[in-house]
Amino acid sequence: MVTEDVTVVEGDVATISCRVKNSDDSVIQLLNPNRQTIYFRDFRPLKDSRFQLVNFSNSELRVSLTNVSVSDEGRYFCQLYTDPPQEIYTTITVLVPPRNLMIDIQKETAVEGEEIELNCTAMASRPATAIRWFKGNKELIGKTEVEKWSDMFTVTSQLMLTVGREDDGVPVICLVDHPAVKDLQTQRYLEVMYKPQVRVLQNYPLQGLTREGEPLELTCTALGKPQPTDMKWLRVDDEMPQHVVVSGSNLLISNLNKTDNGTYRCEASNSVGKSYADYMLFVYDPPTTIPPPTTTTTTTTPTTITGMCVDTTATTEPAVHDSRAGDEGSIRAVDHAVIGGVVAVVVFAMLCLLIILGRYFARHKGTYFTHEAKGADDAADADTAIINAEGGQNNSEEKKEYFI
């Protein structure tokens, strides 16, 4: 005889099959775990109507059991009346999915940086279920405790979680892993309170430098939970100038001057705490008017001057805005170009002067003559030496030297 074990979810239908190899028309019967006859051939002595005959032949007895419960679990016997009799058994295993899956959170509203406790409970399952935790798409590890009640199991998983502002509105999911059910889960959304995050924005000038005589407009933005209600401007280590106009989150200076240099701070607070952001103001001189270049007929060699402007006011503070961070390289490049042009003209004029002087000295040669008396050393007396010298003077060669 041949049969197979059956696994069924509570409330579903289980099918029990007793098959005979090499049938000789012997009688087949099916018995329950209490060894009560369910079917004898195609007759059902047991009065439980949940058992129904599916198929009967000399080689098979197949019976279905509807609305299966935990009490139906156990061994069922297939008997074949031969000589000697044959008997095998099949086991029915009943799975019970967890009920009342729920998440219990220690605090409905948490503060940023606080550790909270969450508990997920899966009740009355068979076998014991496995619980997994997720925060968004990230899996977390909890601590599991299993309790057994009669034939059922209750599983509780505890999760300790330190929350931040990025967790506000993120779902925490409790997922059940059980053979009787798929994709059974429940979730709770985190509500996290956090202090304001403050930023200072420069509305005007939109780009470039803050210069003397020009206006400056700043706006302070603050994002927190709960939304900040108290927002104010102040000047760090000094009093706020009288001509500065503060209207809510806006700060306006209509006419900048050097005395406005300093650090301006925007503070915002809520029930969780207080935060601030700083703006460092540096007022530059007003732009100078550059005269138009004069036109000359002299052709010069183009000269390129490369200038580099280094911003020495860079800061690593993320909440500090520096008005000197504007691009002033274009203004300095104009001054350098004018100076370079003047230097090029002067160098060209000096080269022309050297060429003219060189040509002048080449055309005007300086000459002189030298005379050397020959034979004076061989004369017998002074008179003869004088005569020989005069003759030698007339016959001497003219020597010339040139100076450039």
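Summary table
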| quantity | calculated |
| --- | --- |
| Single residue of the range 197-234 satisfying the filter (at pLDDT 95 or above and among the β-branched types (Val, Ile, Thr)) that is most open to solvent (accessible area, probe 1.4 Å) | Thr221 |
| Strands (runs of 3 or more DSSP E) completely within the range 13-54 that count 2 or more residues being modelled with pLDDT of 95 or more and within 60 Å of the chain's Cα centre (by Cα) | 14-19 |
| Hey, Thr109 farther than 30 Å from Pro196 by Cβ and hydroxyl-bearing (Ser, Thr, Tyr) or not | no |
| Scan of the range 1-12 for residues that are closer than 29 Å to Val96 by Cβ, in a loop (DSSP other than H, G, I, E, B) and touching a residue at least 60 places away in the same chain (Cβ under 8 Å), ordered by number | Thr3, Glu4, Asp5, Glu10 |
| Lone unmet requirement of (1) in contact with a Leu (Cβ under 9 Å, 6 or more places away or on another chain); (2) open to solvent by 30 Å² or more (accessible area, probe 1.4 Å) for Trp133 | (2) |
| Residue identified as more than 21 Å from Asp151 (Cα to Cα) and either of a type in the set (S, T, N, Q) or surrounded by fewer than 17 Cβ atoms within 10 Å (Cβ to Cβ) (or both) among Thr7, Thr3 | Thr3 |
| Subset of the range 171-196 (residues that are surrounded by fewer than 16 Cβ atoms within 10 Å (Cβ to Cβ) and under 22 Å from the mean Cα position of the chain (by Cα)) | Pro171 |
| Residues within the range 264-275 that are out of contact with any Cys (no Cβ under 6 Å at 6 or more places or on another chain) and either of a type outside the set (Gly, Ala, Ser) or under 12 Å from Thr221 (Cβ atoms) (or both), tallied | 8 |
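Residue-by-condition table, conditions (1) free of Cβ contacts under 8 Å to residues at least 60 places away in the same chain; (2) among the hydrophobic types (A, V, I, L, M, F, W, C); (3) touching a strand residue (DSSP E or B) at 6+ places or on another chain (Cβ under 8 Å); (4) over 17 Å from Ala130 (Cβ atoms):
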residue	(1), (2), (3), (4)
Thr156	yes, no, yes, no
Leu159	yes, yes, yes, no
Glu166	yes, no, no, yes
Glu191	no, no, yes, yes
Gln197	no, no, yes, yes
Thr210	no, no, yes, yes
Thr221	yes, no, yes, yes
Leu234	yes, yes, yes, yes
Glu239	yes, no, no, yes
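The values are calculated or read from the model by the stated rules, or taken from the named source; none is laboratory data. Small disclaimer: the values here were computed from a predicted structure and weren't measured. Positions of Cβ are generated from backbone atoms using ideal geometry, with glycine treated the same way; all protein chains shown enter the neighbour counts. These accessible areas exclude ligands, DNA and RNA; they are computed on the full protein's heavy atoms, side chains included. Shrake-Rupley method; radii C 1.70, N 1.55, O 1.52, S 1.80 Å.
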